[in-house]
Every structure is written in C-alpha cells, then in structure tokens.
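What follows is a short report on a single structure.
The values are calculated or read from the model by the stated rules, or taken from the named source; none is laboratory data. A quick note: this is a predicted structure, and the numbers were derived from the prediction, not measured. Neighbour counts are summed over all protein chains in view; Cβ atoms, including those assigned to glycine, are modelled from backbone coordinates with ideal geometry.
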Amino acid sequence: MSCGRWNHRRAEKVFAAAIALVLPAAAVCRAAGSSLEIPFTFFRNQILLEAEVNGKGPFQFVLDSGTFSSTVSLRLAKELKLPLDSRPAAGIGAGNRPVRARATRIERLKLGGLTLSDFPAAALDLTAASEQFRRPLDGVLGNGFLSGRIIQIDYFHRRLRVMEESPFPPGALPASTAQRFSSPMQFVEGSVMPVLEDCYVNGVRLSLTVDTGSSLGLILFPHAIQRLGLEPLARTGLPMPAAGYGGLVRLTKGWVKSLALGKMDLGAVEVAYVRGGYRIGEGTRDRGGNLGNALLQEFVVTLDFKNRVVVIEPPAE
C-alpha cells in the first residue's frame, strides 16, 4: 500500500490548523437533487476544489477537516472587497507563530453544483502556505463547510460527493470488516477533527484523527511516541520539516511495523514523528496522532457529520 512520498529536502504542507474564530450563522445551502459530485484535483497530497466567490473565479480551496473556520486568503478578500472585521482575532495552528485572522462573509460561494449563500469565513494571510504549496492558495474549506453535511471523498475517482442521505442502511453503524473501517464520529476538546478510537499502531490502541488537510500519512504525537517506545527511532529519524498556518513543524520520518483500523490491517506504514511545533490547544494530549491524505488516498472516506459516522473503505472496482 502506498502511503505517499516524503522529501526531506522540502517542507511538506500540513494544513492541520485550527483557526478558532466565532463566526455567526451557518451558510445557506442550495443544491439540486439529493446528492451531487464535485470534481477535485489532488495536488501534493491535497484536495483542491475550484470555487467561485461572488461570481468571480475559479479560485483554489483546500478541503481541511482540521480547521474550525473556513478561510479565505487576505489577498483575495481585499481583491474582491469582502467585508472585513476591523479587529483581528487570534487562532491556533501547527507552527510556533501566532495566527491572526479577520472575520468576513462571502455572499455566494459556488462549488460545482453546490451554492452556499452568506458563507462565514476567516480572512488570513496565506502567503507562506502558498509558497510551500508552490501555487496560489485562495482558501480552505473547514468545519464551517463540513458541519452538518454528509461528505464522501473518493480519492481514486477524484470526486467529492455531497449527500442528503447516508449511503449506508439507516439505524445502525455499518459493520467493520477486514475491508471496511466504521466508527462513530467523536471529537476531543480543542479539535474539530473526527476521532477514531479503534485504531492500533504496533498492536497498541490509540486515538487517531482524520485530517484531510494533512499531506502526510500517519502522524504520531510525542506522548504516543513515548507510549509506543519509539523515542529512539523518532530522535534518529530523517528530518522532515512541515508547514502549518503558524509556521514550521519539526518532524522526523520512519516506519511503524503495523497499523490497523479496527479489523482492517494496513501492515507496515511510513510515519511522521512530531518533534515540535504543534500546540497544546490543538488537543494533541487527547489523541495519538493523525491520518492524512498520503494514507487516506487509498480509500473512499465518508464523513457523515449529520449522523456522526466515519467510514473508510477501498474504492469500488
């Protein structure tokens, strides 16, 4: 199984940031039919969606389950003359620099056949993120977009499905098998990423979060590294800097002998050991690590925020 490529000579992009702004009123959604598909580009292990903002565009937005507020670049907000709150608010995110953002609203955000009206967002400087990404980044669709929706990410077919109803039989959690992992959608304080409890790294049960804003695969946080007895490997691993909203994160690259999601055994996988840069406010003490796109790209991932269910399974033949 491929877990993506890492190059220690460049900083991999990790959008695992929590821009915690209190934004009033949810967006209004207008969609034709009970389900629709939105094509996306998978670039540098990131899900890129083309969006129109107030009739202009297309612009490039990343899908990130780890961000509280959806964001728009400050550059684009000023270019389109979006209303900006006069008082910047503080956010938290991967990296050691403070994150400052200003609340705004998008009158109309269009993603394929999906139109969102009066959409709340946080405007912030995405210049550094764009440089790491090696192309202009116009915004991020975070929990403000995902909350209350049923989203299915089909990495193989490069399709994002927005569903009115669950694709699984109602009334019960889909069964976990050797080919499917199913879990109740849970959250820890300080994070909006769905938490998966029935996960095992080297046979040890850990809580892992689904992070569609991470270009990496399996990421382990310091307390999990210590619990697994992997500190010597983390210290001597290949340095692999990564970038978040708040600057660089220090990582080292290695391998774990096994990763299992419930009954689904993924075997040995590459891992990124966190050495520094993640903040306490991101809930890293309450979860062992993240599952990012380098690993998730092998699957179809259903994030059912309406019924609080997460399902990870191979794509259909």
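What number of residues within segment 112-153 are under 16 Å from ARG100 (Cα atoms) and of a type in the set (A, V, I, L, M)?
Matching residues across segment 112-153 total 8.
Taking the conditions exactly as written (in contact (Cβ under 8 Å) with a residue 60 or more places away in the chain and not in a strand (DSSP E or B)), does LEU196 satisfy them or not?
When the stated conditions are applied, LEU196 does not pass them.
What are the residues in segment 14-67 that are modelled with pLDDT of 90 or more, more than 29 Å from GLN186 (Cβ to Cβ) and among the aliphatic types (A, V, I, L, M), if any?
Residues satisfying the conditions are ALA51, VAL53.
Among the residues of segment 162-175, is any under 21 Å from the mean Cα position of the chain (by Cα) and either loosely packed, with under 15 Cβ neighbours inside 10 Å or of a type in the set (A, V, I, L, M, F, W, C) (or both)?
yes
For the structure I just gave you, tell me whether VAL210 is touching a helix residue (DSSP H, G or I) at 6+ places or on another chain (Cβ under 8 Å), surrounded by fewer than 20 Cβ atoms within 10 Å (Cβ to Cβ), touching a residue at least 12 places away in the same chain (Cβ under 8 Å) and of a type outside the set (Asp, Glu).
no
Could you list all residues from segment 187-207 that are surrounded by fewer than 24 Cβ atoms within 10 Å (Cβ to Cβ) and not hydrophobic (A, V, I, L, M, F, W, C)?
GLU189, GLY190, SER191, GLU197, ASP198, TYR200, ASN202, GLY203, ARG205, SER207 - these are the residues of segment 187-207 that are surrounded by fewer than 24 Cβ atoms within 10 Å (Cβ to Cβ) and not hydrophobic (A, V, I, L, M, F, W, C).
Would you check if ALA234 is outside the structural domain of SER70 (by TED's automatic domain parsing), surrounded by 19 or more Cβ atoms within 10 Å (Cβ to Cβ), over 20 Å from ASN293 (Cα atoms) and touching a strand residue (DSSP E or B) at 6+ places or on another chain (Cβ under 8 Å)?
Yes.
Out of everything in segment 237-263 that is modelled with pLDDT of 75 or more and in contact with a Lys or Arg (Cβ under 7 Å, 6 or more places away or on another chain), what residue ends up being surrounded by the most Cβ atoms within 10 Å (Cβ to Cβ)?
That would be LEU251.
Specify the residue that is surrounded by the most Cβ atoms within 10 Å (Cβ to Cβ); the eligible residues are those in segment 99-153 that are at pLDDT below 90 and in a helix (DSSP H, G or I).
So, considering only residues that are at pLDDT below 90 and in a helix (DSSP H, G or I), the one surrounded by the most Cβ atoms within 10 Å (Cβ to Cβ) is ALA129.
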